[in-house]
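Here the structure comes first, spelled out in structure tokens, and everything after it is commentary.
Where a number appears in this text, it was derived from the coordinates with a stated rule and is not lab data. As the structure is a computational prediction, the values presented were derived from the model and not from experiment. Cβ: placed from backbone, ideal geometry, glycine included. Neighbour counts: every protein chain shown.
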């Protein structure tokens, strides 16, 4: 099976690239040649998907599957539809579970949960991408599948404030500084290791029954935010100095966090993964957060240049803490 990943060496996609190669898939990456990360047996086509005049080599190929990991706007998928129409048997769009209804009217999320998130530009754009692809499937028989990851991690720290591509909150924990947990920390969340996500994604490659369908792929482990931060602190061999602050208050003081909290992580989410398990029976998430985060921290120790401490984030955290102390 000949597969193209647009992207393929990111936080989520690297594990999927490695698993695809392990399964004997003839995998190509389209990238600009800037990444230093090399995956054995992956072939590279140099090019920028956003610069169609430089894609002459890409246009020579036909594909069994194309996966676009870096499409974010309706214009991106419109370009892909034109570029890969008649050139691929299967196109997979990586969307986001943040597209699901906020606030939720029912706490269990299935693929039929409404897509409605007006608070987040990112999520709203992903919804519009999905709508365009569904129209292309209905009207033009474009062979698309939609995949919605939730908070998926490998080389990033999956927390609400001062994490992901930052080491800011981890550094605060290491130095005994107070960190913020939104709300009372008891809302429920799911974090998924990219190695687990890869099992579902790779299982969908070329699966004709999946055409026209949408899937989310997440762990079945349900944690509350207090537990997530506690596990992070324990993995750093530190005590947790947490301050619980209502999400509404955080966003009033620092509107920057509206999309991260009110449009996403302030909600309790419980994902029903029945559909991906039905279509890909071998899918099973086996990496608990207590194990996966240690791998992430080890990777960061081995790549210290990626321990990014964002002083703007520190300033926002201190601003929120100061404002909160004034109203106590």
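Please report the relative contact order for segment 216-328, taking Cα pairs under 8 Å with a sequence separation of at least 6, and give it as a percent rounded to a whole number.
The normalised contact order for segment 216-328 reaches 37 percent.
The gain in end-to-end length when the residue 319 to residue 184 segment is fully stretched comes to 46.7 nm, 0.36 nm per residue minus the alpha carbon separation. Quick check: the distance between the Cα centres of segment 102-127 and segment 206-274, to the nearest angstrom? Value for the Cα centre distance between the two parts: 14 Å. Its relative contact order, with pairs defined as Cα atoms under 8 Å and 6+ residues apart, puts the chain at 19 percent.
Taking one quarter of the surface of the C-alpha convex hull of segment 56-134 gives a mean projected area of 5.8 nm². Label-to-label distance for residue 256 and residue 43 is 4.4 nm, based on points extended 7 Å past Cα in the beta-carbon direction. Counting 0.36 nm for each residue step from residue 174 to residue 141 and taking away their Cα separation leaves a gain of 6.5 nm.
Here the Gaussian network model covers the chain, with springs between Cα atoms less than 10 Å apart; of 232, 300, 204, 300 fluctuates the most.
The angle between the Cα long axis of helix 74-84 and the longest principal axis of the Cα atoms of the chain comes to about 30 degrees, rounded to the nearest 10.
Computed over the chain, the per-residue total of -39500 (n - 2.57) for DSSP H runs of n ≥ 4 gives a 222 nm mean residue ellipticity of -10500 deg cm²/dmol, rounded to 500.
So what's the angle, to the nearest 10 degrees on a 0 to 90 scale, between helix 121-140 and the longest Cα principal axis of the chain? Result, in degrees: 20. Projected label points at residue 299 and residue 85, each 7 Å from Cα along the beta carbon direction, are separated by 3.7 nanometres. Take every pair of alpha-carbon atoms less than 8 Å apart whose residues are at least six positions apart; their mean separation over the length of segment 117-271 yields a relative contact order of 32 percent.
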